[in-house]
Structures are given as structure tokens and as C-alpha cells.
Amino acid sequence: MARHLIVGDGTAYGVTSGLVDDGAVSVQKMSSSGPTELVLGDTPANAPQIRIIGGGSDGKDIVTPWIYGKDVVNWSGKSYTAAAAHTSLITPTTTSAAAAKEIEVKLIRTNGSAPEFFKFSVTIAASSAVNTAGAAILAAYNALTNIPDWLNPTCTGGSPAVTFVGSERGDTCQSGNTWEEGPAIFEVLVSINPTTTQTYPATNGVVDGIPGYGDGFAVKAFEESLMGTSHGYYNRLELPNAPTTQAATGTNYDMYSLVATKDGSSASQINGVDNLIELNIALVAGNADSVVVENKINAYLSGLFTAVIL
């Protein structure tokens, strides 16, 4: 599938010196006099071909291929949904044995390319009440200086349950790196406990990590993955410097998808060959100018697809 992404920042559509204004999104039709803006009332009958254009901050328009309205096989969208970090906890139970002991807490990341392990030790004082033991686990973890990037460097609670949090896209790690993947999924357990008078049962997935939809960090990563298609950035002899991305990490986006076949069929008919063009549009969630773009495409495909209203 040939994939393309246009990102808007809520700027109203306009043209300056022949270029779409920076951050604005244009829906163009091919007319007898050349490309012109699609207007309400246009349909595939009078405007057979359309394309999407984004005003780029590098002084260049970002342009998708032309598609035929009659060849569109999907028009859909999803509203912004916030991501959630994965959390798991351990809860000291009953009073510890009279003697002091050292326990080992192990955390295991389960959604990477291979399992990753991290462990640390905690000294539990003799006859520690559950809140005292929870506070000891909390303090031991928060004092560490070698926490891996997939874990939030701070745990919370300690009276008695201790909550550990996985990194989610955009988090600053203890190493100073920015986490650029989806939520890290992990489990926690106490792997060594010399005496079982006091135990430490785990509750994993108290909050299930979800990537959400339309998060600015995710849209930026998606845009960067398509730089070869949109900017020819895979040719570094001609473009040694990365083009400017349009997605803003602090912005929430509604996401739209317009898919058409290349050969005019109602579905992909060329076996073993990429026969689809997917035009993705990221528009600022809740923005009035985003609705203008949404309305244009809804009207154009009226009667062919259910209106997308985000």
C-alpha cells in the first residue's frame, strides 16, 4: 500500500504566492483549467480526481497523488484518544519475620522484540509492618540510578501497595532519552523472599498500557516513517538534512483515512502487487478549520460512504 500523510495545524485554508499557507490543508480537484480547490457540491461526477495538499513550513507544499473519487474504497476516521501508561503493583501482606531480610523485586518487559529484565534489592527491617515494608520498596526503587528507559524512574504509593509505571511515548527517561515507542508493557514480581511471613503479591496490568490514537508523538513518528514517500528523504545524497516535520508533539489530532485503488477496481485485484493508495490526514482535534476539511470530503463522497464526523 502506498501511504501518505498530510498534517494540519488548524490554520484556515489560504494560498500565498501559489503555495498553500503553512499548516493549512487543501482538498483539490482537477478541473479543465488545472488544480483548484474542492467546494461543497462537488462530487466524483463533476470532479473525478482529487488530492490532498498540506502547506509545509519549508516553503514547499506537501502533495499526495491524485485519486479518482470512483475508485475510493474506504473513507473513515478516528477521534483523538489519549494514551495510557501500563501500571503494575506489589502489595506487602502481613507482618515480616522477626529477623531482617533482603528481597529481590524483578520487572520484566513483555512487549519488546525480546523480554527485558530489571531487578533491584530491598532491605526489609525486622518485624516491619506492611506500610513500613511498602515505604522501603518505594525508597529503594526511587534511589536507583540505573532504571531502564522502559520504566518510569519514579514509583508511587508505599502504604502499603507500590505502583510501578511503564514508559509511554514522549516520556523523559532517567537516562535523559525520550521514549519514542508505544507504552511499555511489563510485569512485576518479588523473585526472592527468604522468609514468607510477609509476602508481596503482584497485581499486573492494573492499568493496561494503550497507545491511544492521534497523539502528537505518534503522529510525528508516523510522519517521519513516510519521509521517503513524501520528501524523498531516503536519498540522502540529495537531501542530507532531515526535512521539517509538520506534526507537533504537544498537539492532539483526529485521524482520517481515504483509500483508493490504483486500477479502478472495487477492491485490490492485482495479486501480489500493491494496488492501494492510502491518504492519511491528521487534523487538530476540535478545531473549526479541521471541520472544514472534514465537511469537504464528506460532501464529495456523500451517498458513497457514511459521513465521518469527529
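Numbers at a glance
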{"quantity": "Filter result (under 15 Å from ARG51 (Cβ atoms) and not in a loop (DSSP other than H, G, I, E, B)) within the range 5-14", "calculated": "LEU5, ILE6"}
{"quantity": "SER265 vs. criteria modelled with pLDDT under 90 and surrounded by fewer than 16 Cβ atoms within 10 Å (Cβ to Cβ)", "calculated": "yes"}
{"quantity": "Test set (1) closer than 30 Å to TYR80 by Cβ; (2) in contact with a helix residue (DSSP H, G or I) (Cβ under 8 Å, 6 or more places away or on another chain); (3) not in a strand (DSSP E or B) - TYR256 fails condition number", "calculated": "(3)"}
{"quantity": "Lone qualifier among GLY69, GLY112 - being exposed (fewer than 14 other Cβ atoms within 10 Å of the Cβ) and of a type outside the set (Lys, Arg)", "calculated": "GLY112"}
{"quantity": "Leading residue by the ranking (surrounded by the most Cβ atoms within 10 Å (Cβ to Cβ)) among those in the range 172-192 that are closer than 13 Å to GLY209 by Cβ and either touching a residue at least 40 places away in the same chain (Cβ under 8 Å) or small (Gly, Ala, Ser) (or both)", "calculated": "PHE186"}
{"quantity": "Residues of the range 133-165 classified as free of Cβ contacts under 8 Å to residues at least 24 places away in the same chain and in contact with a Gly (Cβ under 9 Å, 6 or more places away or on another chain), total", "calculated": "2"}
{"quantity": "Within the range 82-103, considering residues that are in a strand (DSSP E or B) and surrounded by 16 or more Cβ atoms within 10 Å (Cβ to Cβ), the one nearest to the chain's Cα centre (by Cα)", "calculated": "THR87"}
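The values are calculated or read from the model by the stated rules, or taken from the named source; none is laboratory data. Just so it is clear, the model here is predicted, and its values are computed rather than measured. Using ideal geometry, Cβ is built from the backbone for each residue, glycine included, and neighbour counts are taken over all protein chains shown.
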